[in-house]
There are 2 protein chains.
Amino acid sequence: MIRMQALRPVPHTRVTLTDAFWAPRIEVNRTATLPHVRQQLEATGRLAALDLAWRIGMPNKPHHFWDSDIAKWLEAASLSLAAHPDPALEADLDMIIERYANLQHPSGYLNSYFLGIDPSRRWANLRDAHELYCVGHLIEAAVAHHAATGKRTFLEVMCRAADHVCAEFGWGRDQRRGYPGHEEIELALVKLAAATGERRYFEQARYFIDARGQQPHYYEIEARLRGDDPRAYWAKTYEYVQAHVPLREQTTVVGHAVRAMYLYAGATDVAAATGDTGLLAVLEGLWKQLVDTRLFVTGGIGTSGDNEGFTRDYDLPDEDAYAETCAAIGLVFWAQRMLATTGQGQYADMLERALYNGVLSGVGLDGTRFFYENPLASGGQHAREAWYSCACCPPNIARLLAGLPGLFLGSSDDSVWMHLYAQGRASVPVAAGVLSLSTQSCYPWDGAVGVTVEAAPGAPLALRLRIPGWCVRWRVRVNGAPLESAVLENGYLVLRRVWRAGDRIDLQLGMPVRFTYPHPRIRALAGRVAVERGPLVYCLEGVDQRERDLELLALDTSAGPAAFKPHHDHHLLGGVTLLRGPARRLGAAGGLYRSRPLSGDVTDATLIPYAVWANRARTEMRVWGRST
Amino acid sequence: MIRMQALRPVPHTRVTLTDAFWAPRIEVNRTATLPHVRQQLEATGRLAALDLAWRIGMPNKPHHFWDSDIAKWLEAASLSLAAHPDPALEADLDMIIERYANLQHPSGYLNSYFLGIDPSRRWANLRDAHELYCVGHLIEAAVAHHAATGKRTFLEVMCRAADHVCAEFGWGRDQRRGYPGHEEIELALVKLAAATGERRYFEQARYFIDARGQQPHYYEIEARLRGDDPRAYWAKTYEYVQAHVPLREQTTVVGHAVRAMYLYAGATDVAAATGDTGLLAVLEGLWKQLVDTRLFVTGGIGTSGDNEGFTRDYDLPDEDAYAETCAAIGLVFWAQRMLATTGQGQYADMLERALYNGVLSGVGLDGTRFFYENPLASGGQHAREAWYSCACCPPNIARLLAGLPGLFLGSSDDSVWMHLYAQGRASVPVAAGVLSLSTQSCYPWDGAVGVTVEAAPGAPLALRLRIPGWCVRWRVRVNGAPLESAVLENGYLVLRRVWRAGDRIDLQLGMPVRFTYPHPRIRALAGRVAVERGPLVYCLEGVDQRERDLELLALDTSAGPAAFKPHHDHHLLGGVTLLRGPARRLGAAGGLYRSRPLSGDVTDATLIPYAVWANRARTEMRVWGRST
């Protein structure tokens, strides 16, 4: 394989966060979310389904995507275990893995639903039945478990499952031309190839990318084999599963948003590993189309609940936004891979935007209440829930948070890349040895980041510090001296030298409050303004305002964003920096239609980070406020 | 009966419009719409259904509300005939009436669907089956036909049908407690009582008003008699048919908008005729709730297509507005009755608003293309259609236009009321004789109205000239002398004297361009502004603009509404006064989210009356423009 990737990931086990923003979230994830999800897997019958014990008439009829919920928990638990030893958790994992080993069919086939409930329909409906998706998640879990524990049981189970998939589906004369209706296995197979060194898994990922949407159309073939009319497809269009045309002919992000992100992430892996610049150009085009026309300001994606996905350009309402948590997580995965492949800061910008806003809003501060949808406004009808019958989001955010430190840094032969900032420490392997760093920062509440070199190889090495796209003014000092002529490459400040222990970099990212205005073609947001600071999108919650009816509260933008003052409250919402600024309470008296523009009494407004909304009383919320 | 009504209607046959706005519409209605609807009634099998000739396997299966489409055409044709003799039309009416006479069951029962297709289900499902609604429309048609021709055949058919209804439904021990799922027969029975002098028809209307929504609930009783589960009601709530509680307990306009309007109109008739101030107070409360929270600026009503009706307070979007033509017509009918009952100008204001905007938009200038929905914005997806499978709107607007001059004036013992203004002439019976008037005006293009007394009784008489709610500055001269101390009563200027032939009144209604701003609780309209002049709501059509993408066109309101200049174009759209004013072309380049407020290059915008939109190329439209 040709390695196009500019950057290698730095495993989460080599990065420790000790900050006030993420470290508590990771700890809550470990101590509250993981047990909570584990308990839900048990209580809802998902684990029992592994023993094929369900019979007609019993409660909790298994579903064909249940394995993915278990798999994401297994992956989350393995990632946590790697960073935080826990013998009880390790034993629990072994027990569940043992059940999977027992469940597996001699052929390698693995899916608790089709093995237990509906054996005659194995691989009969790739379009809808999620078998390859479940195998993909189990592969990811097995790779994480192997990395965490060194144990091979799970990895070998999933190699057998993957071998079965490789045998069933491919270009060969005796193989079917199938590919998953819910993409995910592509990126999982790339991980499995890396973990095992077996190129065939990578080739299978490439096959799935290339076979998708080809004619004659596999989903029509398999529908006819089932005796179904292909035209009776419930989703009406193969755009729903990004299989309307081959990926290389796609120019618009369409359909189910999570599926789209996982497909693009896997395809980016394939393009990077094969040096396929044509495929990479397709992905860059899709990326641009997404961020230019179909992205919520929170990094959420997917407007409609009907297809859990994309609709039309500029169809980006606030209250009616779907913006599934898993879709924002998928965007993080895709952005991570585009960043690794190209080394361009725009992808880190998007990764950061999604992570700090549209992803993090998906889990409550207590770690046991979740959002599936992440609207950008609420009349008070939205509340977090402990679980969902379609429970993809809770274990997905659990695995993301368990492995979160792995997103912060990257390495290339002669460089260490700092993508995200938080207080902590890291040791990063480079060609010449290992660079050990510690960081001192209150990011994202403050833009000051201190980096201390703890140990360094004796060779010249570039430290590449990301200057976020939102940051207009910044300065940097190295060992106290201002750096006047630092090079900014693709959004990264390049500091190249022979680093020595004790070297100190002080980066100051200007983090003024910003007003953000929507594109005029976003009809639903005409006349509205959002408030951001650093990587955080802010929102109004009714509970914080004198005027709780948020439609009557207009932000007074006349004095500029500087009139909105940051104020750190250590006690509120786990410790957050609020913004307080001028506003108007609009007059509600009078008729529907008036001869004068809206006016109102002077008042003020308090904004909190969108990521922590809906952690108190049920109340109204707005990301996009009215503006005077 | 106690007559509470302050005003008697002046029949349309006593008022002739010779203006450039309405007279051509009435003529097109007579010469194009009536033949067009007649042809559609034939082509779609509606008339053939009267002969009970349909058999399984034939096209055009009859529907249980088809009689209402025929009835509205019969009424429209009769109203036209009364003002414009037409022997061929009269003969055609006689022929169709003959078919109805032959169709009628010996019991008096009359409905072409249940007589022909489904005889066993007569009166089995008042909630859904529209039988009383159809009888109501046929009664209205028969009353109009009798008034137009003096012939009694149709009236007698419908008296027999009404007698059958009176016998079937009522408070008596042997009667059912039923009432219509689609209201309409209430107001029709009041008309029938007036036309025949038979009080029992009025009492039956009163019964339907009073029985509605009582417990035990009739729709539950009849559902169980059919063997249906009442809880399986497809509309889910009896609010859909305004039968969730008795009308006297209702405080919110709910459900299907046309049904609501017809119910309230009939109830206003009943309240007026019986001096029922309690019922009138309920209706006044519903009116206030409608205009304060659930009314489109066009006089359209009913937000959602799901229930063809009302949703929540302030849920008044533009592009997604349903605003069915029939609902605006229904609002005209209700407003007409509230006006007649109370003599308060606010009801004439609403009648005018609905008529000149949300009703008139429902028919194209050629009279053969219609709107069922009347959205307040369009991306170009809306186009008029020649007919609808549910074809309530085309014949409804036909009958409204055929009788339109009857809305202009009212009389009471000592007063003649001028509600609406247009060039024309009228002779109005009052206690002391007949007052004949002619009017000279270009209304609504200009606010000058001249009134010349052509003949007058010798007794003192008040001319009451409406000063529209939108009019801030006005002046009046009588025989050339300014009137300094004229009395304004309930929105009407009262000019009382002994009028003599040749007396001349000159009313000047100031008609500056106005900006209209939405209530802050209307989420969808934040940051938007509408433009009005006189009774007309204006709109932007893409076809008139340099910048055809209307989302990128912002009205520049900074110089005030006076910067929008009226310009009469005799050739455009049948002759309309356009408005032209300053605007900005917003920059579409750049990303979805921007750090600067929208700005744009100077341009101008052209606005046309909403009533005449969608008469040229298919194009974007906005009533609510962006404002700078």
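In this assembly, the B-A interface accounts for approximately 3200 Å² of buried accessible surface in total, computed with a 1.4 Å probe and without ligands, DNA or RNA. The phi-based Karplus calculation (6.51 cos²θ - 1.76 cosθ + 1.60; θ = phi - 60°) puts the 3J(HN,Hα) values of segment B:542-550 at x, 4, 8, 9, 4, 9, 7, 7, 5 Hz, whole numbers, x for Gly and Pro. Using bins of 10 Å that start at zero, the share of Cα-Cα pairs per bin across segment B:410-509 amounts to 16, 54, 29, 2, in whole %. If the viscosity is 1.306 mPa s and the temperature 10 °C, what Stokes-Einstein diffusion coefficient in µm²/s follows for segment B:259-403 when Rh is the Kirkwood radius over Cα pairs? The estimated diffusion coefficient comes to 103 µm²/s. The relative contact order of segment A:279-318 comes to 31 percent, based on Cα pairs under 8 Å that sit 6 or more residues apart.
Quarter the surface of the alpha carbon convex hull of segment A:242-324 and you get the mean projected area, 5.2 square nanometres.
Normalised Debye scattering of segment B:351-435 at q = 0.14, 0.17, 0.18 Å⁻¹ gives log10 I(q)/I(0) of -0.62, -0.79, -0.84, counting only Cα atoms as equal scatterers and leaving out solvent. Quick one: compute the contact order of chain B, relative version, from alpha carbon pairs under 8 angstrom and 6+ residues apart, as a percent. Result for chain B is 13 percent.
With N the number of residues in segment A:522-593, Rg(Cα) / (2.2 N^0.38 Å) evaluates to 1.25. The mean count of C-beta atoms from other chains within 10 Å of the C-beta of residues in A:587-598, rounded to a whole number, is 6. Computed over chain B, the percent of Cα pairs more than 32 Å apart is 49.
Please give the FRET efficiency for B:GLN39 paired with B:GLU249, using the beta carbon to beta carbon distance and R0 = 51 Å, rounded to the nearest 0.05. Given R0 = 51 Å and the Cβ-Cβ separation, E is 0.65. Surface composition of the protein assembly as shown: carbon and sulfur make up 51 percent of the accessible area, probe 1.4 Å. For chain B, the 222 nm mean residue ellipticity estimated from helices alone, with every DSSP H stretch of n ≥ 4 adding -39500 (n - 2.57) and the total spread over all residues, rounds to -10000 deg cm²/dmol. Listed cross-link partners A:LYS61/A:LYS288; A:LYS565/B:LYS288; B:LYS191/B:LYS288; A:LYS61/A:LYS236; B:LYS236/B:LYS288; A:LYS191/A:LYS288 are compared with a 32 Å cut-off, the Cα-Cα value being larger for A:LYS61/A:LYS288; A:LYS565/B:LYS288.
For segment B:41-234, the spherically averaged projection of the C-alpha convex hull amounts to 11.5 nm².
Over all distinct Cα-Cα pairs of segment B:5-57, the Kirkwood formula returns a hydrodynamic radius of 14.5 Å. With Cα atoms as the point set, segment A:450-524 shows a radius of gyration and Dmax of 16.6, 57 Å.
For chain B, the per residue solvent-accessible surface stands at 35 Å², with DNA, RNA and ligands left out and a 1.4 Å probe. Solvent-accessible area of A:PHE371, all protein chains in place: 10 Å² (probe radius 1.4 Å, heavy atoms, ligands and nucleic acids excluded). With the label put 7 angstrom out from Cα along the Cα-to-Cβ vector, B:GLY502 ends up 11.7 nm from the copy partners, going from closest to farthest. Between copies, the label points at B:ASP313 (set 7 angstrom from Cα along Cα-to-Cβ) are spaced 4.0 nm, reported in nanometres from shortest to longest.
May I ask you to report, in nm to one decimal and beginning with the shortest, the distances from A:ASP549 to the same position in the other copies, taking label points 7 Å along Cα-to-Cβ? Those separations, rounded to one decimal, come out as 3.7 nm.
Translational diffusion coefficient of segment B:279-348 (Stokes-Einstein, Kirkwood radius from Cα pairs, 37 °C, 0.692 mPa s): 262 µm²/s.
In segment B:1-137, the alpha-carbon atoms span a convex hull of 172 Å³ per residue.
Once you reduce segment B:108-156 and segment B:328-387 to the center of their Cα atoms, the two points are 26 Å from each other.
Can you compute log10 of I(q)/I(0) for segment B:477-628 with the Debye formula, treating each Cα as one identical point scatterer, at q = 0.09, 0.12, 0.18 Å⁻¹? Taken in order of the listed q values, log10 I(q)/I(0) reads -0.42, -0.64, -1.06. The rotation axis taking chain A to chain B passes closest to this chain A residue's Cβ, listed with the gap in Å: A:GLY527, 1. In order along segment B:374-385, the Karplus-derived 3J(HN,Hα) couplings, from 6.51 cos²θ - 1.76 cosθ + 1.60 at θ = phi - 60°, round to 10, x, 9, 7, 8, x, x, 7, 9, 9, 5, 10 Hz, and Gly and Pro are given as x. Phi angles of segment B:60-69 translate, via the Karplus equation with coefficients 6.51, -1.76, 1.60 and θ = phi - 60°, into HN-Hα couplings of 6, 4, x, 10, 5, 10, 4, 4, 5, 5 Hz per residue; Gly and Pro are given as x. Once backbone amide H atoms are built at 1.01 Å from N, B:LEU435 has B:VAL428, B:VAL430 as its partners under 5 Å, excluding neighbours fewer than 5 places away on the same chain. Derived value for the protein assembly as shown: Kirkwood hydrodynamic radius 34.7 Å. Basis is the mean of 1/r over every pair of different alpha-carbon atoms.
Under 5 Å between amide hydrogens, built in the peptide plane, is the criterion, and for B:VAL363 it picks out B:PHE371 among residues at least 5 positions away or on other chains.
The values are calculated or read from the model by the stated rules, or taken from the named source; none is laboratory data. This one's a predicted model, so the numbers in the text were calculated from it and none came from an experiment. Reconstructed Cβ throughout: ideal geometry from the backbone, glycine too, with neighbour counts over all protein chains shown. Ligands, DNA and RNA are excluded from the accessible area calculation, which covers all protein heavy atoms including side chains. Shrake-Rupley method; radii C 1.70, N 1.55, O 1.52, S 1.80 Å.
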